[in-house]
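To start, the structure itself, in structure tokens.
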Amino acid sequence: MDKLRRRLWLTCGLGALLAALMAGMNAIIVTTAIPEIRPDTSPVMLDRNGRLLRPFTVAAGRWRLPVALDQVDSSYLAMLLAIEDRRFRAHAGVDPRALLRAAWQFVRDQQIVSGGSTLTMQVARLLDGRSTRQIAGKLHQIRLALALERRLDKDAILTAYLTRAPYGGNIEGVRAAALAWFGKEPRRLSAAESALLVALPQAPEARRPDHDPAALRRARDCILRRARQLGVIDGIELAAALREPVPTQRHPFPMLAAHLTWRLHQEHPDQAMQRLTIDAGLQARLERLATERAPTLGDRVSMAMLAVDHATGEVLASVGAADLFDAGRRGYIDMTRALRSPGSTLKPLIYGLAFEDGIAHPESLIDDRPSGFDGYVPTNFNHDFMGTVSVRRALQLSLNIPAIRLLDAVGPERLIARLRRAGARPVMPDQSPPGLAIGLGGLGLTLTDLVRLYAAIARGGTAVELSERLDTGVQSGSGHGLPVLDARAAWSVAAIIAGAPAPTHALAGGIAFKTGTSYGYRDAWAIGFDGRHAIGVWIGRPDGAPVPGLVGLDAAAPILFDAFARLGARIPLPGAPPGILTATSAASLPRPLQRVRDSRHAASSNATDTALEIAYPPQGARIDLGFASGQIADLVLKVRGGSPPFTWFINGIPIAREPFERIVRWFPDSPGFVSIALVDGQGAATRASVFLE
């Protein structure tokens, strides 16, 4: 009886001791502090479709990219769990069977044959950083692993391993490893690649592919054979994987749109991820184009390109230099944002303002003869003169004298104002007031400024704000931009430059474009658009040195057309808006538009030229406002000469009185003949009769 009582007391005592130990262990686990499970990861720049454009390093220059389980090949995960922790989904952080097996193998063979660490224990070691070679370190690892399992789910622990595991050098995490050693994301991995990524963290420095590829191959092949034994891969996969070579050097990390991504990273350093409007495929194709063409242009010549969707304002590609790492070409400078002379690229806007003011029509005649403008004596690029030409021909041939005649008429201040409406930031030399020289490049603009301008022309004269990020919360292309040109003037300009001769060997048609060459052959430009996209190309030396023979038509235009070819199928240009005055020649125009009148300076010396006049619509014109299609447009009324205020009458009824403005708009309610009368502030009057259809 006493023996039975003693056994009962012993059993109760052992049970109580075990319960106390378990309670104590539980208290230890519950109170164990867990280090931050989510480490700092490399800030990443993604394209519009989520493709990686560029990552940046974290502290100490380490590459540690964010990764999720659904971004990793499932066959790799299966191999990892089979080799490293077969009971990962079942154990509570520590696998007793694995620990006993490892201990028995060590006693039997007097060396470590296999580790007893679970993936959770490996995560604990990576989080804590303590050595596990001593018993105290191993016990702490076990304690932390048990605590992790209490507070996190299995997927979070596995994700922590995939993010932090070492892969040699400054590479951490499976995503960075796949990019560094295979040059690709870990979404699709071969059996050999999966085995390599399992083997490398076991001895990341001893097995580094760029240090000892033979050691890595032996470890990889051992894991492949073990995976075959466990049924993770079959015999065919094993045979193919064993023949696959191991990498021997690192691949560079992606660095698309390097200048743009660096700038945005500097502007938003705390953002872990930025989603850009860039199309990675197009960006890569245009960067290759720049790399291929720049060497043919000169040793120190660089190149920049900007492609946008002018319907939304989204920047699809931004190439800041021909080669980021070419010091001779100063590839570190973002030439899409550098101030340069725009050459003749502003001429379309000058002509558009003249069309808007009723000063000229594409078929009007204009003189290309030696002329002076208050001491400014421009010459043509080839120092030759064409005599009398049509306005259309003058713009397509990029003649300087006609452009300056029209700029003198519309005023350089208005040109600057419209540039600013388009979003450009023109810079005048020495902050001087704008003069006629700006029409031929006598100011500073960036490639981005010019693409903004041409995007506005492509949109029917309406400005659009360019956007580079999709994660700003602002809808691209939302709202109405400022008017840069009247829709009819913008269409007329686009129709003219769409008819300019294409470069040799380029596919003609469908692109409205203009070239430019700055003074001294320092900059070559080509800017163009189709029905959806606008692209700008700049070529030159970043240090501003001349490049003899560098001409926009010969150097930049072929690259512009090649860029459009790499963009894809061309989108047709839009049709004419209502209200376009059509003519086949100057003779078929109303008399006031048959020939461009002298400039405003010449007019000031002749009293008859300041007389009140209806500049548009001209007497006897037939104007299509869209009554037949049902999409009726307004009628633009423009005055030349006279003194404000101006009072307008339609069929004897006053419709507007403008104190200063020389342009008004009137919406007719029916087609047919209308009589337009105009009276200025001095009592002078004039009239015109037109037919609306």
Q | Options R418, R488; residue that is under 25 Å from R392 (Cβ atoms), crowded, with 24+ Cβ neighbours inside 10 Å and basic (K, R) | A | R418
**Q.** Residue list for region 219-248, filter: of a type in the set (D, E, K, R), part of a helix (DSSP H, G or I) and exposed (fewer than 13 other Cβ atoms within 10 Å of the Cβ)
**A.** R243
**Q.** Filter result for L200 (assigned to a helix (DSSP H, G or I), in contact with a Gly (Cβ under 7 Å, 6 or more places away or on another chain), surrounded by 22 or more Cβ atoms within 10 Å (Cβ to Cβ) and at pLDDT below 90)
**A.** no
Q. Can you find a residue in region 345-364 that is surrounded by fewer than 22 Cβ atoms within 10 Å (Cβ to Cβ), closer than 25 Å to I438 by Cβ, touching a Phe, Trp or Tyr at 6+ places or on another chain (Cβ under 8 Å) and not assigned by TED's automatic domain parsing to the domain that holds A490?
A. no
Q: Give region 375-415 a look and list any residue that's surrounded by 22 or more Cβ atoms within 10 Å (Cβ to Cβ) and part of a loop (DSSP other than H, G, I, E, B), or say none.
A: S398, L399
Q. Taking I333 and the conditions (1) assigned to a loop (DSSP other than H, G, I, E, B); (2) farther than 15 Å from D543 by Cα, which numbered condition does it fall short on, given that it satisfies the others?
A. (2)
Q: Hey, can you tell me all the residues within region 496-538 that are charged (D, E, K, R) and under 20 Å from V315 (Cβ atoms)?
A: D530, R532
**Q.** Candidates A565, A587, A545, A569 - the one that is surrounded by fewer than 16 Cβ atoms within 10 Å (Cβ to Cβ) and within 30 Å of G641 (Cβ to Cβ)
**A.** A587
Q) Given the conditions (1) within 15 Å of L80 (Cβ to Cβ); (2) surrounded by 18 or more Cβ atoms within 10 Å (Cβ to Cβ); (3) not basic (K, R), which single one is not true for D155? A) (2)
Q. Across region 436-465, which residue is nearest to Y376 (Cα to Cα) among those that are assigned to a strand (DSSP E or B) and in contact (Cβ under 8 Å) with a residue 40 or more places away in the chain?
A. G444
Q | Search result, residues across region 173-185 that are under 18 Å from R54 (Cβ atoms) and surrounded by 24 or more Cβ atoms within 10 Å (Cβ to Cβ) | A | G173, R175, A176, A177, A178
Q.
Of the conditions (1) surrounded by 23 or more Cβ atoms within 10 Å (Cβ to Cβ); (2) part of a loop (DSSP other than H, G, I, E, B); (3) outside the structural domain of I278 (by TED's automatic domain parsing); (4) not aromatic (F, W, Y), P433 satisfies every one except a single condition; which number is it?
A. (1)
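The values are calculated or read from the model by the stated rules, or taken from the named source; none is laboratory data. Nothing here was measured: the structure is a model prediction, and the numbers come from that model. So basically every Cβ, Gly included, is an ideal-geometry build from the backbone, and we count neighbours across all protein chains shown.
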